[in-house]
1. Sorting check: for B:207-213, A:12-18, which peptide has the highest mean count of neighbouring beta carbons within 10 Å, and how do the rest follow?
2. Which shape class applies to the range A:92-183: rounded if a/c is under 1.5, otherwise prolate when a/b exceeds b/c and oblate if not, where a ≥ b ≥ c are the square roots of the Cα gyration tensor eigenvalues?
3. For A:LYS11, go through the aspartates and glutamates and keep the ones whose alpha-carbon is under 13 Å away, minus same-chain ones fewer than eight residues off.
4. When the expected Rg is taken as 2.2 N^0.38 Å, what fraction or multiple of it is the alpha-carbon Rg of the protein assembly as shown?
5. Can you bin the range B:38-83 into rounded, prolate or oblate? Criterion: square roots of the alpha carbon gyration tensor eigenvalues sorted a ≥ b ≥ c, rounded for a/c under 1.5, prolate for a/b above b/c, oblate for the rest.
6. With runs of 4+ DSSP H residues as the only contributors, calculate the mean residue ellipticity of the protein assembly as shown at 222 nm using -39,500 (n - 2.57) per run, divided by the residue total and rounded to the nearest 500.
7. Could you run the Debye sum over the Cα atoms of chain B, one equal point scatterer each and no solvent, and tell me log10 of I(q)/I(0) at q = 0.08, 0.09 Å⁻¹, two decimals?
8. Would you mind ranking A:SER132, A:SER205 by Cβ crowding within 10 Å, fewest neighbours first?
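Quick note: the coordinates plus some simple rules give every number you see, no bench work behind them. Bear in mind that the values here come from a model prediction, so they are computed numbers and not experimental data. As a convention, Cβ positions derive from the backbone with ideal geometry for all residues, glycine included, and neighbour counts pool all protein chains shown.
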Amino acid sequence: MSGLEVRVIHKSYPGSRVAILKDLNFTADSGEFVAIVGPSGAGKSTLLNIISGLDRDLQGEVRYQDRLLHVNNAQPARIGFIFQDPRLMPWLTVLENLRLVLKAENSIEVARHALRDVELVDVENAFPGQLSGGMQRRVAMARAFIMQPALLLMDEPFVSLDAPTAARLHTLLLKLWRESRATVLFVTHNLREALSLADRVLFLSGSPAGVVLDMPIDIPRPRHLDDSAVSALHDSIIREHPEILSGHAGVQAVNSSTHGEIHV
Amino acid sequence: MAQLTDSWLRFLSLAGFMLAWQVIAALVAEPLFPTPLTVLYRLWEFLTVGQLLHHLGITLARVAASFAIAMAIGAAIGIIMGRFQRLDATLDGVLVLALNIPALVTIFLCYIWFGLNEVAAVIAVALNKIPTVVVTVREGARAVDRQLMQVAEVFQVSGWRTLRQVYLPQLYPYLIAAARSGLALIWKIVLVVELLGRSDGVGFQLGTYFQFFDITSILAYTLAFAAVVLAAEAVFMRPLERRLVRWRT
């Protein structure tokens with residue numbers, strides 16, 4: 001049984017006839033970590049907004065475990081979202097920011113536990129403005145995992161961080177993901193980041209965006225951004241599909257089934 | 001340390017003002033320009049044997065009632081106008097008109113239509129204040145961060161919690177600004193309303209003393225009134241503001 005099924009037939013913004021997304025279809029297994037790579041402006045954020053239900057103005061549908069999401073009377077799915085900016089409430093303390101998304105009575109203990117997971121217990125009473133960028137991302141990560149999401153959406157969550165901080169957050173993310181078994185969609189424009197994190201990478205074309213290449217990553221974990229296996233795979237992708245990062249798969253990929261075509 | 005310095009500055013400026021008043025009044029030596037000591041003595045008489053506290057209390061009650069009504073209605077209209085663009089465009093003309101109607105006209109109309117009573121007095125004051133609250137709060141509602149509202153939506157935060165912890169905190173600075181300027185305006189208009197159509201309250205008393213050119217009594221009432229305003233600012237507005245924006249460190 002498939003976890004997530006996304007079928008976008010056509011998506012354009014109100015008042016415009018130009019399609020942002022067109023015939024964009026893919027599935028993700030339950031518990032799978034899928035990275036989505038594409039040129040900037042290709043509609044990656046729009047795609048996540050559609051899957052999260054923030055944007056419901058489209059032709060198409062989103063299913064999770066065979067249930068239709070974001071239609072009238074649909075049972076709300078547990079979806080976590082880590083945005084590009086941490087988007088914490090600046091007037092709530094770290095602890096209050098986590099409790100905001102919890103309904104349970106014992107939310108203080110749950111929130112404290114989540115803070116322990118991201119090693120932020122000692123700043124629970126700080127306001128987000130008093131934290132560093134990396135710490136704010138950790139709070140945002142804790143907030144997304146704390147409600148035990150079935151589906152976790154991440155929109156370039158680690159851009160504009162220095163390399164060591166990003167690497168620490170990568171490790172933390174993988175640990176929390178393994179514990180939660182959430183299905184993850186991780187949007188990035190950084191191919192190395194995608195290769196070092198994901199079970200599978202989807203490459204999007206430029207506007208209107210569709211999936212041009214769907215590639216499983218077989219490198220065993222733990223991997224790091226600068227591992228030789230990751231570098232080798234990165235180089236071989238760029239060699240075979242020189243324009244993949246600007247949204248073109250190249251002749252070979254389009255003509256044949258691309259699934260699992262490339263291995264190291 | 002900075003806190004202390006600020007309060008000292010506040011105190012020193014008031015003390016300097018009093019001193020200048022005393023010196024000038026002593027030089028002029030004229031019954032129509034009493035010294036602050038004369039005024040303070042009169043104030044003491046009013047407090048001990050006169051009815052100042054009674055009138056002050058009535059005026060305060062009117063201020064509180066019209067302030068609460070003006071803030072509640074003004075904030076509600078402001079939020080709705082800031083949120084719905086077409087409604088905003090529809091009501092904007094009326095709002096500009098309401099902003100520019102002289103207070104005196106509203107007061108006369110209320111007294112004529114609703115009678116010379118308490119309800120008319122409070123409505124007249126509130127009507128004068130509502131448009132300015134609307135303008136300030138609308139600005140805040142327009143500036144609400146959609147990205148934070150999306151967070152509440154994705155994480156399925158309940159409507160009530162979203163209002164209290166996500167939406168309203170973004171409006172607090174605007175609500176505080178509206179309350180500040182609101183109090184200042186309402187204090188003044190309440191006195192006019194009392195002068196024109198009530199038989200008690202500070203405004204009525206001032207009117208009576210004006211008939212006799214009793215400057216000392218007028219200033220004594222003014223002093224009592226000013227003391228209340230300063231106290232309200234120090235005890236109520238400033239601590240509230242500090243609490244609501246304490247995250248801005």
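1. Details: B:207-213: 12.3, A:12-18: 8.9.
With the highest mean Cβ count within 10 Å placed first, the list reads B:207-213, A:12-18.
2. oblate
3. A:ASP23, A:ASP55, A:ASP57, A:GLU61
4. 1.38
5. prolate
6. Numbers: 19 runs with 282 residues, N = 513.
About -18000 deg cm²/dmol.
7. -0.43, -0.54
8. By the 10 Å Cβ count, ascending: A:SER132, A:SER205.
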